[in-house]
1. Ordering Tyr46, Tyr94 by accessible area with a probe of 1.4 Å, largest first, what comes out?
2. In the full protein assembly as shown, how much of Met82 is accessible to a 1.4 Å probe, in Å² to the nearest 10?
3. More than 17 angstrom separation, counting every C-alpha pair in the range 52-139; what % is that?
4. In the range 50-95, if every C-alpha pair distance is counted and binned at 10 Å from zero, what percent goes to each bin?
5. Test of understanding: what is the full-extension gain from Leu27 to Phe136, defined as 0.36 nm times their sequence separation minus their Cα-Cα distance?
6. Calculate the spin-label point distance for Thr69 paired with Ile109, positioning each point 7 Å from the Cα along the beta-carbon direction, and give it in nanometres.
7. Mind listing the phi-derived Karplus ³J(HN,Hα) values for the range 71-83, rounded to whole Hz, using 6.51, -1.76 and 1.60 with θ = phi - 60°, and x for any glycine or proline?
8. 7 Å from Cα along Cα→Cβ at both Tyr52 and Arg116: what's the point-to-point distance in nm?
Amino acid sequence: WGVSFQTLDLLSPLKLGFFIILLFPLLISGYRMRRYGSAISFLGIYTLLSLYLNHFDVSVLTQTLFNPTILFFGTVMIPEPMTSPVKMKRQLIYGAFVAIAIIAGSFSIITSTLGRINLLPDNLLPFLLIGNLLFFRYK
């Protein structure tokens, strides 16, 4: 449901309400379970790399920060308590690793080929799985 309104118009009360709802999981996973490090590092690194790759176009900044898919992924999937690290230093590294892997993987010939033939419909989840596998041992 997070990707159902890709064109976010903050002037629309309904879409603004959905956008605010997307931020609520960060309060639970970030504040109560103290997993905000991975969410913040993922969103920060992903945004900075997107800006860099698009030659620091300011419109990319708003498109990234208000993208419901990236917000849902960064606030729900990344800080998920069963698989994400507990210690703050590891959370920061984990979030940064997943962000870098997603950006780097989007240029890979393998992921573009698999996506073209619909075997890899989403670039985010495989790299989250790789991050979970690498960091699960060192929670």
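1. Tyr46, Tyr94
2. Surface open to solvent at Met82 totals about 130 Å².
3. Summing the P(r) of the range 52-139 above 17 Å gives 55 percent of all pairs.
4. P(r) over the range 50-95, rounded to whole percents: 25, 37, 31, 7.
5. 37.0 nm
6. With each label point 7 Å from Cα toward Cβ, the separation is 2.4 nm.
7. 5, 5, 5, x, 9, 10, 6, 5, x, 4, x, 6, 10
8. Distance between the two pseudo-spin positions: 2.7 nm.
The values are calculated or read from the model by the stated rules, or taken from the named source; none is laboratory data. Because the structure is predicted, anything quoted here is derived from the model rather than measured. In this analysis, Cβ positions are derived from the backbone assuming ideal geometry, glycine residues included, and neighbour counts consider all displayed protein chains. Accessible surface areas use protein heavy atoms only, side chains included; no ligands, DNA or RNA. Shrake-Rupley method; radii C 1.70, N 1.55, O 1.52, S 1.80 Å.
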